[in-house]
1. Within segment 4-25, take every residue that is at pLDDT 95 or above and crowded, with 19+ Cβ neighbours inside 10 Å and give me the one that is farthest from Asn168 (Cα to Cα).
2. With the condition being on the phi > 0 side of the Ramachandran plot, I'd like the strands (runs of 3 or more DSSP E) fully within segment 71-158 carrying at least 1 qualifying residues.
3. Take segment 26-38 and flag every residue that is open to solvent by less than 30 Å² (accessible area, probe 1.4 Å) and closer than 11 Å to Val162 by Cα.
Amino acid sequence: MSLITIAMLGIGPLSGADAASVTRLTVVDSSPTSWVARGLQDYTVSPDDGWSFVASRNFDNGVGFEIFGPPLPGTSIDRWSLNFAAPFEAVLTPGTYEDFQRFPFQDPDRPGLEFGSTGRLDNLASGSFEILEATYDPSGNVLSFAADFIHYGEEDVNNYAVVELRYNVTAIPEPATLALSAFGLMAALGLSRLRVRARSA
């Protein structure tokens, strides 16, 4: 695979000392009924907390992460797992991937996402994810990656988690903008899914 470098879309660079690369996983918000995210809010783990982020390419030509470290105070989670995949096993590039199914069981024409935490993984999942940055070396190894997603456990909009992933990135969205877009997308997806269910009822 040739070198693929994808620019950040709609994200302003950080300045000065803040321009150092950022690696973190943040659960911005989740419902108490989210099996994986467990109702966490404003939860962040990073290498500064002793956590390791191991990126890989999965068998659907997508990107996977194993994230592990000491549980934060008041929690028992010592591992998160993530897998992202584009439809038709395409290379992940910046853009919005709507109506995903749980990886690796997604239909060929649908995006896939897997989201797990220590001892927990939903059987079914739906939602949407946005890839903000994805760069790879000539061998296809992940150099940097940034994604936001909304995950509905068991395809139930009541079991939601709003999550950010940053891996070796040097620019991030403004928090206010991210929060507005995340919750707006969550509302839109919930309404869309309810309409689909109403039509099929």
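The values are calculated or read from the model by the stated rules, or taken from the named source; none is laboratory data. Since this is a predicted model, take the numbers as computed values, not measurements. Because the Cβ atoms are built from the backbone with ideal geometry, glycine has one as well, and the counts that use them run over all protein chains shown. Side chains are part of the model used for accessible areas, which takes the heavy atoms of the whole protein and leaves out ligands, DNA and RNA. Shrake-Rupley method; radii C 1.70, N 1.55, O 1.52, S 1.80 Å.
1. Only one residue fits best here, namely Leu25.
2. Numbers: elements: 79-85, 95-98, 112-117, 125-136, 142-153.
The qualifying strands (runs of 3 or more DSSP E) are 95-98, 125-136.
3. First pass over segment 26-38, keeping only residues open to solvent by less than 30 Å² (accessible area, probe 1.4 Å): 26-27, 29-31, 34, 36-37.
Thr26, Val27, Asp29, Ser30, Ser31, Ser34, Ala37, listed by residue number.
Residue-by-condition table, conditions (1) among the small types (Gly, Ala, Ser); (2) touching a residue at least 12 places away in the same chain (Cβ under 8 Å); (3) over 16 Å from Asp148 (Cα atoms); (4) not in a loop (DSSP other than H, G, I, E, B):
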site	(1), (2), (3), (4)
Thr26	no, yes, no, yes
Asp29	no, yes, no, yes
Trp35	no, yes, yes, no
Gly39	yes, no, yes, no
Thr44	no, yes, no, yes
Asp48	no, no, yes, yes
Ser56	yes, yes, yes, yes
Phe59	no, yes, yes, no
Gly64	yes, yes, no, yes
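Residues are listed down the side, and each one gets a yes or a no for (1) out of contact with any Phe, Trp or Tyr (no Cβ under 9 Å at 6 or more places or on another chain); (2) closer than 18 Å to Phe59 by Cα; (3) crowded, with 16+ Cβ neighbours inside 10 Å; (4) of a type outside the set (Lys, Arg):
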residue	(1), (2), (3), (4)
Phe105	yes, yes, no, yes
Asp109	no, yes, no, yes
Phe115	no, yes, yes, yes
Gly119	yes, no, no, yes
Ala125	no, no, yes, yes
Ser128	no, no, yes, yes
Ile131	no, no, yes, yes
Asn141	yes, yes, no, yes
Ser144	no, no, yes, yes
